[in-house]
Structures are given as C-alpha cells and as structure tokens.
Amino acid sequence: MTAHTSIKNTKSLERDRERETSVERSREIIQLRVYRKNPKESKSSRFDRFEVPVQRWTTVLDALLHAKSYLDKSIAIRYSCRMASCGSCGMKINGIPRLACYTKVSEIGGDTITCEPLPNFPIIRDLVGDFSNFFEHHRAMEPFIQNKNADIVDKNNLTEFLQSPEDVENYLQFSYCIKCGLCYSACPSAASDTKFSGPQALAQAYRYFADNRDDATQSRLNIVDNKHGIWRCHFAGSCSVVCPKGVDPALGIQLLRGHLLSFSKNDKRLAESRTRNLGNT
Ligand code: SF4
Ligand code: FES
C-alpha cells in the first residue's frame, strides 16, 4: 500500500466516524400517543403511549411502524407507498389531518406526537377509517372522460383529442388528487351531513367538467346541483388548507357554482323548476 492510499483511507474512516457520531447525536426519544379503539369489541377508546427513537428524517409513519414492530404489533395502521402517492396513511397528527408518511416528526416540534383516526370516517380499528361512503361520493361524480365521439366504432378511423397547454391548465391541479380524504375529514359540512358529496368529490366533478375532451357537461352539473351537493358547501376552506397535493377543492367548488349560477340566470324557467325540486328533496 502506498503512503497516499493509507492517508486517503484514514480520512474516509474519520469521515465515517464523524457521520456516525452526528447520527447518534441526532437520535432522540419521543412519546407517541396512539388512539386505540376496536368497535367490534367495545365502544370505549383510549390512548396508548410508546417511547420511540427518532432522527431528523423519521416520519410519523416510521415512528408508528417502529411501535408496531417492536412494542405492540396489534396497532392498526393503513399505509402502502410511503411516498405521499397512494393516499392511504391519512390521520390526525397533533390535531391536524396529514399524511403520516409525508410528515416528519422533526417538523411537528415538541416531544409528544398524538395520532388519531381521520374525523368524518367511521372507525374500523385504531387509526384505520372506513372510506366506503367517501368512495361512493367519488364514484357518483362519474370520474372518467365521457365523449360520444370517442366511442371506438371503427378501429381504423381513430380520432385524436388535441389539447393546448392552456386547456390542460384548466383542470391539471385537480387531477393531482390521491383520494386521501384529508379534505373530507377537515370539512365541517361533511361532519354534519354524511350525504354531502364533500370537497374531494366536488373537486373531481370540476376536474372532468373543465376538461375539454369531456362532453357530459350538462349531466355533470345535474349531478352536483342538489342540496347535498354543491350548495351544501359553506366555504369554510379548510379542505384546501390540509390538502397535501396542492389541490384547491374550495376553488373547484366555487368555479362549478359560478357555471351553475350563470346557467340559471340565462334560463329562468329551468332555475325555478330546480328550486321547486330542491324544496321537495
Ligand atoms: S383533494 Fe387533496 S386532500 Fe382531498 S382527497 Fe384529494 S389529495 Fe386528498
Ligand atoms: S403511505 Fe401512501 S400516501 Fe402515505
């Protein structure tokens, strides 16, 4: 071994040792309070407390998985991608709906992290909520492009649907929705009316309404134009504050309302009959 190589090895060993020491220094213990409830066994709930080692980059999901792996394997958590893409790890963390895999313990501050299930979802167990109603509302919006000209009659005569960047811009942010339900859990109207479509579904209604490849414009407006639909939103705006993907459901709802209102102004008779129908529902 030459003298040069030996100096290089010593330096890299020193660097490794420094790195290990700094990792060691950044490790600390936090208190993790986890909401526990099994509705099949009991109506009561409790918080369990776990001491979990964390580092600067530990996420709340990492901390929960540590508790589940080493301290109590019965904790129920739902997660999949661990990269803010699947939308399955939503929960209330220190009082705010967030994605557990996208929230670092260090960014919350304090030495106690409290994890609770998302409000407005029936609890299946511990931190896992039932999304059936939420997905029903989403499905009711017919979340797919509808266009009669797109029906493939003749495979040799396929049509192209060209869109300009401006056309895409009209709906792009709404297409980023990962259906995590955070907006729905933060919505006071959804808390008081389970039939309310909710911010996620209404934002999706706008996403397809604003897409110029879609020609089901009128039927989309009909779907949301009822007292459990677009008019039930009281514009609290909390949906847009908690969305982890930069979607602004409150904006989508207002834009959709604008279209409905201008439509009503131009066709008074239809508006009157709609008002009558709303009174009967
Ligand atoms: S709009 Fe945002 S908060 Fe609501 S479900 Fe979609 S991604 Fe989640
Ligand atoms: S695990 Fe997929 S969004 Fe968090």
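Every read-out reported here was derived from the displayed coordinates using simple, explicitly stated rules and does not represent laboratory data. All figures in this text were calculated on a predicted structure; none of them were measured in a lab. Cβ coordinates were reconstructed from backbone atoms using ideal geometry, including for glycine residues, and neighbour counts include every protein chain displayed.
Quick notes on this one:
- In plain terms, the chain is cut at each of the GluC sites (Glu not before Pro) found in a DSSP loop with at most 11 other Cβ atoms within 10 Å, and the longest leftover piece is 161-281.
- Rg(Cα)/(2.2 N^0.38 Å) for segment 124-204, N = residue count: 1.48
- Over segment 74-219, the Kirkwood radius and the radius of gyration, each from Cα atoms, give a ratio Rg/Rh of 1.07.
- Segment ASP154-ARG56, extension gain: residue separation times 0.36 nm, minus the distance between their alpha carbons: 29.5 nm
- Over segment 3-128: Rg over Rh, Cα atoms, Kirkwood Rh: 1.15
- Across ALA150, ALA186, ALA210, mean-square fluctuation computed from a Gaussian network of the chain (C-alpha pairs under 10 Å connected) peaks at ALA150.
- Size of the chain from its Cα atoms: along the principal axes, largest to smallest, the extents are 88, 57, 33 Å.
- Segment 115-140 and segment 37-82 have their alpha-carbon centroids 18 Å apart.
- Gyration tensor verdict on segment 174-238 (Cα atoms; rounded if a/c is under 1.5, prolate if a/b is larger than b/c, oblate otherwise): oblate
- Evaluated over segment 29-101, the Cα radius of gyration and Dmax, each in Å: 12.5, 38
- Amide H contacts for THR59 (H built 1.01 Å from N in the peptide plane; partners 5 or more residues away or on another chain; cut-off under 5 Å): VAL105.
- Between THR112 and ASN212, the modelled labels are 5.6 nm apart [label points 7 Å from Cα along Cα→Cβ].
- Within a Gaussian network of the chain (alpha carbon springs, distance under 10 Å), most fluctuating of ILE96, ILE123, ILE29: ILE29
- Cα shape, segment 132-278, gyration tensor, a/c 1.5 rule: oblate
- In the structure shown, the pairs LYS68/LYS179; LYS43/LYS227; LYS155/LYS245 are assessed against 27 Å; a Cα-Cα span above that value is assigned to LYS43/LYS227; LYS155/LYS245.
- Straightening the chain between PHE235 and SER80 buys 52.6 nm, computed as 0.36 nm per residue apart minus the Cα-Cα spacing.
- Loop sites in segment 122-231: trypsin sites (Lys or Arg not before Pro), DSSP, at most 14 other Cβ within 10 Å: LYS155, LYS195, LYS227
- GNM top mover of HIS138, HIS66, HIS259 - the chain, alpha-carbon springs below 10 Å: HIS259
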